[in-house]
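Below is one structure, written out as structure tokens; the observations come after it.
Bear in mind that the values in this text are calculations on the coordinates, not laboratory data. Note that the structure is a prediction, hence the values are computed from the model and not measured. Here the Cβ positions follow ideal geometry from the backbone for every residue, glycine too, while neighbour counts run over all protein chains shown.
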Amino acid sequence: MDDVTPLLTAVDRLADRLRILPQSRLRAGAAAEGLALARELSVRAQRLEEPGTPPRIMPDAGLFVVADQVAVAGHDLVHALERAPGGAGGGDAARGAAEAVALVAGATGRCGV
């Protein structure tokens, strides 16, 4: 669990920040950035859980849902990483968690939160 804690923290923090943004900030790009991140995290989780299967793309459910989409996709990825060969502490899984933290950090910066 320790290797995925930074990912959980980063995802939850970004989701909380997106939830409190005014509609104008969401429309100005924060929602699109959040959705792009949620889609990428979701694809990564699906690749771990169902290798060889084409990933399903998370739908655009609207401005006010994007925070929840980020949270769900991030938690799904953590779940998949914990069940990957070697667990979250395994080499590939640990690398995957670190890459995901970097993705969340980048999206957080681009959202301006």
Does the stretch 64-78 contain any residue that is out of contact with any Pro (no Cβ under 8 Å at 6 or more places or on another chain), aliphatic (A, V, I, L, M), crowded, with 17+ Cβ neighbours inside 10 Å and assigned to a loop (DSSP other than H, G, I, E, B)?
-> no
Which one of these is over 24 Å from V113 (Cα atoms), in contact with a Gly (Cβ under 8 Å, 6 or more places away or on another chain) and crowded, with 16+ Cβ neighbours inside 10 Å: L41, L81?
-> L81
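Consider E33 carefully, then state whether it is loosely packed, with under 14 Cβ neighbours inside 10 Å, of a type outside the set (S, T, Y) and either farther than 20 Å from T5 by Cα or touching a residue at least 40 places away in the same chain (Cβ under 8 Å) (or both). So that I can check it myself, show each step before the final result.
Values: loosely packed, with under 14 Cβ neighbours inside 10 Å: no; of a type outside the set (S, T, Y): yes; either farther than 20 Å from T5 by Cα or touching a residue at least 40 places away in the same chain (Cβ under 8 Å) (or both): yes.
Answer is no for this residue.
May I ask you to list the residues in the stretch 1-30 that are surrounded by fewer than 19 Cβ atoms within 10 Å (Cβ to Cβ), of a type outside the set (D, E, K, R) and in contact (Cβ under 8 Å) with a residue 24 or more places away in the chain? Working first, answer last.
Here is the first cut: in the stretch 1-30, the residues surrounded by fewer than 19 Cβ atoms within 10 Å (Cβ to Cβ) are 1-2, 5-6, 8-9, 12-13, 16-17, 19-20, 22-25, 27-29.
After this cut, where a residue has to be of a type outside the set (D, E, K, R) as well, the list is 1, 5-6, 8-9, 20, 22-24, 28-29.
Within the stretch 1-30, M1, P6, L8, Q23, G29 qualify.
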Out of R110, R39, report the one residue that is without any contact (Cβ under 8 Å) to a residue 60 or more places away in the chain and either in a helix (DSSP H, G or I) or in contact with a helix residue (DSSP H, G or I) (Cβ under 6 Å, 6 or more places away or on another chain) (or both).
-> R39
Would a scan of the stretch 84-97 turn up a residue that is touching a residue at least 24 places away in the same chain (Cβ under 8 Å) and either of a type in the set (K, R) or in contact with a strand residue (DSSP E or B) (Cβ under 8 Å, 6 or more places away or on another chain) (or both)?
-> no
Evaluate the stretch 89-98: report whether one residue or more is of a type in the set (G, A, S), over 17 Å from V4 (Cβ atoms) and not in a helix (DSSP H, G or I).
-> no
